[in-house]
Amino acid sequence: MPLNVSIVLWHLSPGIDLHLPGPAGRRAPARPRSTAAALTGRVRTGSPIRGGASRATRSPSPRRPQGSVQVRPTLTPPPPPPPLPEELVEEVLLRFPPDDPACLVRAALVCRRWRRLICGPRFRRRFREFHRAPPMLGFFVNDLGDSSFFVRTSATCPRVIINGVAVGARHGHVLLRSKPLSVHRRHPLENPFIVWDPITNQRRELPLLPVQVPGSFHPHSWNAAVLCAASLGGACDHLDCHNGPFLVVFVASSNNGMVSFVYSSEAGRWSEPTSEQHSYCSINPAPSALVGNALYFLNWSGKVILKYDLGTWQMSVIYVPENYYFGRVVLMTMEGGGLGFATVVNSTLYLWSWEAGRETDNGWAESGSIELMDLLPDGADPTLLTVIGCADSIGVVFLYSNVRTLTVDLKSRRVTKKSFIIDNSFMKLVRCV
Amino acid sequence: MEVDKGKGEAEETRKVAEADRDTVTLKSSDGKLFEVSKEAAARLSTVLAGMIAGGSIDDNGTDLKQIGSEALENVVDYCNKHANSIPSAALISSSISFNTAPFKEPEEWERKFVDRLSHDALFDLVEAANFLGMERLLDVTCHKISEMMKGKSPDQIREVFNIKNDYTKEELEEIRQELAWAFYDD
């Protein structure tokens, strides 16, 4: 059974929903379902926070007498400064490191005013806009397909208990199977999907796939992906949609060719199946890539990529370059938003990108490489490196090595040895941005 | 009428002379005068840029009544240093670039600039940067303060910001237990 690893990238600030019990306490404002409401907050622009004119009307800061040079007595401690104005406190809190969510929790306990500020939807929205790419706080590991557990990569990330088996994750949603994937429970028709928001811990069990005639559909291989319902046409920036409407796309190979279903949380049901006879390929449970208006799934051999068009629900295939040897490949979104993959061959990490209409190598071209030989930690055998996943939105590729798991930062070209070890067999990594 | 006309001409002449200068003079709340490059001031401060464009700069010293001399000196120092700085390699995009935050990490000289400031001077400078619409300086100073708060307990943060605790003991204890992960290395 594949060992699945789901990389989780999120801004934890929405999880901090501090409320106080009893009459003195007030629950923090609920998050709006619509991002439009949250967008009423200030958006960072080139103008001052409140503008010079409005600040000019404020009374002078009482920190020290205006119009005179401060002279402090040498032996007495200076008087404590007055608190910063709230708009500047907000600016400071916005710059807290997103990969250390405990900082915001501790700040919320400074006083009620700060708690209201931090828990408010405007601050949450601004925090995400300010930091953009969510940090990686940890990932899920599937233990032989029967259960999943969470590995923290940030020291101050809360423990996350997963109740189910992770299949995929994206846009703050985690797609689970409620029962173990092994033995007879693997069959997608008998095991309902669950969409889980780890931030709010909301779980939504989806109905079983709508197969009209029992026994008429025998999937040979399948994969599924969850994504924000507003992904089509780039209608959402995915900074604040983790508890919004979502889609689940299920694709399978079967005796009848390729079959797909789409679940819409807004409609509350699965679509009728869509079939495609001419694009048969076995489907690897490796993570899909969302690029533009399409999802891409890898096949078992790693030589064929199934494209699922979110607009037309049509499937088609793309072949990887035929004249090259690649090790295991991981699909990813490249710089500029195109489809690509990462692979390691002879201690070099290669990035390839695909472009429709390019005539050479089935539309593929090498777009970058990093020689890892001199970057590896002591004891790492370059011949054993295998790419096992990526968090493309933050430009990090994960490698299996004989000395623990390695991450390669594509921007800084820095290789980091992680404290955890993951088996390299059949690793699956799922994005949750 | 003649006198008024003369005054008007003098005013025009003064404005023309002011427009020709490549520095502007700023006056702090305590009456100290500071000169700063007009180009740097206009580039780094939206408020000063507006005043320069609108001709409301006074060559005898534009009054900035909300900013003390120490903070204004730091503002001017920052403008001068910024004008002379060379963009670091970190600000030049690399061949492989992914989704990056709009905030750029402070450069080495900016870090040194804020590191040498006292607590009061830093907080005054944040307010001055905000008042003058100096987004980059606001970025750098707020980033410094957020770094100062890293790893600090709520008590220690209250001390830094001089904030009174308005929670009850029971409330704090309850939240601490609920969110123990944020306070202890569990």
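The values are calculated or read from the model by the stated rules, or taken from the named source; none is laboratory data. None of these values were measured; they are calculated from a predicted model. Note: ideal-geometry Cβ built from the backbone for every residue, glycine included; neighbour counts use all protein chains shown.
Screening A:Gly363, A:Gly336, A:Gly368, A:Gly340 for residues that are surrounded by 14 or more Cβ atoms within 10 Å (Cβ to Cβ), within 25 Å of the chain's Cα centre (by Cα) and closer than 19 Å to A:Leu295 by Cα leaves exactly one candidate, A:Gly340.
The C-beta contact set for the range B:37-63 (first residue of a type in the set (Gly, Ala, Ser), second residue in a loop (DSSP other than H, G, I, E, B), distance under 6 angstrom, 6+ apart or interchain) comprises B:Ser45/B:Gly133; B:Ser45/B:Met134. Residues in the range A:374-399 that are assigned to a helix (DSSP H, G or I), surrounded by fewer than 12 Cβ atoms within 10 Å (Cβ to Cβ) and in contact (Cβ under 8 Å) with a residue 12 or more places away in the chain: A:Thr383 alone.
To keep it simple, each residue is scored yes or no on (1) buried (at least 22 other Cβ atoms within 10 Å of the Cβ); (2) in a strand (DSSP E or B); (3) among the aliphatic types (A, V, I, L, M).
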| position | (1), (2), (3) |
| --- | --- |
| A:Phe217 | no, no, no |
| A:His220 | no, yes, no |
| A:Asn223 | yes, yes, no |
| A:Val226 | yes, yes, yes |
| A:Asp237 | no, no, no |
| A:Phe250 | yes, yes, no |
| A:Met258 | yes, yes, yes |
| A:Val262 | no, yes, yes |
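If you check B:Asn130, B:Asn162 for being within 7 Å of chain A (Cβ to nearest Cβ) and within 8 Å of the chain's Cα centre (by Cα), only one passes: B:Asn130. Considering (1) modelled with pLDDT of 85 or more; (2) touching a helix residue (DSSP H, G or I) at 6+ places or on another chain (Cβ under 9 Å), the lone condition that A:Glu205 does not fulfil carries the number (2). Reported count of residues in the range A:91-126, each being more than 7 Å from chain B (Cβ to nearest Cβ), under 15 Å from B:Cys142 (Cβ atoms) and out of contact with any helix residue (DSSP H, G or I) (no Cβ under 7 Å at 6 or more places or on another chain), is 0. Taking the range B:102-127 as the range and being within 28 Å of A:Pro134 (Cα to Cα) and either of a type in the set (S, T, N, Q) or within 8 Å of chain A (Cβ to nearest Cβ) (or both) as the test, the residues that pass are B:Pro102, B:Phe103, B:Val126. Taking the criterion of being modelled with pLDDT under 90, within 13 Å of chain A (Cβ to nearest Cβ) and part of a helix (DSSP H, G or I), would at least one residue in the range B:55-67 satisfy it? For the range B:55-67, residues modelled with pLDDT under 90, within 13 Å of chain A (Cβ to nearest Cβ) and part of a helix (DSSP H, G or I): absent. If the condition is being exposed (fewer than 13 other Cβ atoms within 10 Å of the Cβ) and modelled with pLDDT of 85 or more, then the range B:167-186 contributes B:Lys169, B:Glu170, B:Glu173. Of the residues making up the range A:319-333, those that are surrounded by fewer than 16 Cβ atoms within 10 Å (Cβ to Cβ) and at pLDDT 90 or above number 1. Selection of the range A:274-291 for residues being at pLDDT below 90 and either under 20 Å from A:Cys228 (Cα atoms) or outside any strand (DSSP E or B) (or both) yields A:Gln277, A:His278, A:Ser279, A:Tyr280, A:Cys281, A:Ser282, A:Asn284, A:Pro285, A:Ala286, A:Pro287, A:Ser288.
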